[in-house]
Amino acid sequence: MKLRYKIATGFLVLAVVSLSALGIVLSHNSACGPAPVISGDATLMKAIVYRCYGSPDVLQLEEIEKPTPVDNEVLVKVKAAAVNPLDWHYMRGSPYIMRLLGAGLGSPADPRMGVDFAGTVEAVGRDVTQFKPGDEVFGGRSGAFAEYVIIPDDRALVLKPANLSFEQAAAVPIAAITALQALRDKGQIKPGHKVLINGASGGVGTFAVQIAKSYGAEVTGVCSARNADMVRSIGADHVIDYKIENYTENGLHYDLIIDMVGNHSLSKNRQVLTPDGKLVMVGGATGNWLGPLIRPIKALMYSPFVEQEFLMLLANMRQQDLKVLSELMKTGAITPVIDRSYPLSEVAAAIRYSEEGHARGKIIIKLE
């Protein structure tokens, strides 16, 4: 027994030491490194970069090498970009698990920032047939906070609807795809469904309200009183001011809840779901360590014992979904909501505002 006890203790100590070492590695922030040397004959462009993790103060406007498209790639001159929570999660390297999954240990693996963009095709690789120079496009690709971005032609890139400005188109990719996949793929929305959007005035929420209406749903939006009129104007049938009314206690029931906030427990949400209703969780949790994982873990443990479904969404940027959204915008079924715009030189201020969590719709970066 003593030998077994010693062996078990040894394994326990080893596990604790290993986890502690991993925690130290994951949470370590290296000092900001210098900009790389660029050859004298390189063509340059302005871009936002970050060479260490931290607050928006780590973001720098620098001149870096302009990319050149090869084979199946498209070079886009960016006219507008959009800020997403994803951007400041990468900026801070938080939650720390992101660093282990490719964001970079100690410092960013990719110093470029931004994903959503809209602009004009400047050049294409020899194998590209979908796009040509001069096309107005929008899509999603790492490095969008820059004068130019390069993207394979079969990725998240589509033609911009003529009835949309570049700023409106840039607002679409991450937020609207997230809303579409939450409603259609996870929520399996159907005409006549009663749908509640918790966080209806934010980037994802404003698209979710409109997309749900396009499916013929009866939509309830949860937001603050100052955003109520805006949420009604984009199609919500009912609006709940979360400061004075708790949607889990008003006696109403919903076929589908899209939750961007996470301010009510799973059990409370279950009480207002129909017997075969679904709760789709989109973000909402915070923390550097286990915070973002707690709700999904609880949902996995809870789901086998109840009829309703509790689902977590990690959106996938797909070209086909951008085409679906483009058609909805052409018909006027959805219109991007823009809170405010910043120049490229003020991306840090834009991200500070995004982190406050009070944006009405999307925050845009305008390029000349």
*Qualifying residue in the stretch 83-99 (condition: more than 19 Å from residue 347 (Cβ to Cβ), surrounded by 20 or more Cβ atoms within 10 Å (Cβ to Cβ), of a type outside the set (Lys, Arg) and in contact with an Asp or Glu (Cβ under 6 Å, 6 or more places away or on another chain))*: no
*Return a yes/no flag: does the stretch 256-263 have any residue that is closer than 23 Å to residue 321 by Cβ, in contact with a Ser or Thr (Cβ under 7 Å, 6 or more places away or on another chain), in contact (Cβ under 8 Å) with a residue 40 or more places away in the chain and not in a loop (DSSP other than H, G, I, E, B).*
no
_Whether any residue in the stretch 145-157 is more than 11 Å from residue 76 (Cβ to Cβ), among the aliphatic types (A, V, I, L, M) and out of contact with any Cys (no Cβ under 7 Å at 6 or more places or on another chain) is what I want to check._
yes
*Quick one: residue 251 ticks every box in (1) more than 25 Å from the chain's Cα centre (by Cα); (2) modelled with pLDDT of 95 or more; (3) part of a loop (DSSP other than H, G, I, E, B) bar one, so which box is it?*
(2)
_For the stretch 114-154: of the residues being part of a loop (DSSP other than H, G, I, E, B) and touching a helix residue (DSSP H, G or I) at 6+ places or on another chain (Cβ under 7 Å), which is surrounded by the most Cβ atoms within 10 Å (Cβ to Cβ)?_
145
*Take the stretch 354-368 and flag every residue that is at pLDDT 95 or above and surrounded by fewer than 18 Cβ atoms within 10 Å (Cβ to Cβ).*
366
*Read through the list (1) crowded, with 16+ Cβ neighbours inside 10 Å; (2) at pLDDT 95 or above; (3) farther than 21 Å from residue 113 by Cα, then give the number of the only condition that residue 295 fails.*
(2)
*Residues 359, 299: which one is assigned by TED's automatic domain parsing to the domain that holds residue 160 and aliphatic (A, V, I, L, M)?*
359
*asked:* What's the total number of residues in the stretch 55-69 that are among the acidic types (Asp, Glu) and touching a Phe, Trp or Tyr at 6+ places or on another chain (Cβ under 9 Å)?
replied: 0
*Six or more apart or on different chains, Cβ under 7 Å: which pairs go from a residue in the stretch 291-302 that's on the phi > 0 side of the Ramachandran plot and of a type in the set (S, T, N, Q) to one that's assigned to a helix (DSSP H, G or I) and at pLDDT below 75? Could you list them?*
none
*Does any residue of the stretch 197-210 turn out to be modelled with pLDDT of 95 or more, part of a helix (DSSP H, G or I) and over 17 Å from the mean Cα position of the chain (by Cα)?*
yes
_Can you tell me which residue is surrounded by the fewest Cβ atoms within 10 Å (Cβ to Cβ) among those in the stretch 211-230 that are within 20 Å of the chain's Cα centre (by Cα) and assigned to a helix (DSSP H, G or I)?_
211
*Tell me, which residue of the stretch 303-318 that is surrounded by 15 or more Cβ atoms within 10 Å (Cβ to Cβ) and more than 23 Å from residue 176 (Cα to Cα) is modelled with the highest pLDDT?*
308
*With the condition kept exactly as written, say whether any residue in the stretch 183-206 is out of contact with any His (no Cβ under 9 Å at 6 or more places or on another chain), hydroxyl-bearing (Ser, Thr, Tyr) and over 25 Å from residue 246 (Cβ atoms).*
no
_Single match in 176, 156, 200, 171 (criterion: out of contact with any strand residue (DSSP E or B) (no Cβ under 6 Å at 6 or more places or on another chain) and either touching a residue at least 24 places away in the same chain (Cβ under 8 Å) or not assigned by TED's automatic domain parsing to the domain that holds residue 254 (or both))_ = 176
*Failed item, numbered, when residue 54 is tested on (1) buried (at least 17 other Cβ atoms within 10 Å of the Cβ); (2) on the phi > 0 side of the Ramachandran plot*: (1)
_Tally, over the stretch 290-337, of residues that are farther than 24 Å from residue 264 by Cβ and of a type outside the set (Gly, Ala, Ser)_ = 19
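The values are calculated or read from the model by the stated rules, or taken from the named source; none is laboratory data. These numbers come from a predicted model, not from an experiment. Quick reminder, even Gly has a Cβ in these numbers, built from the backbone with ideal geometry, and neighbours come from all protein chains shown.
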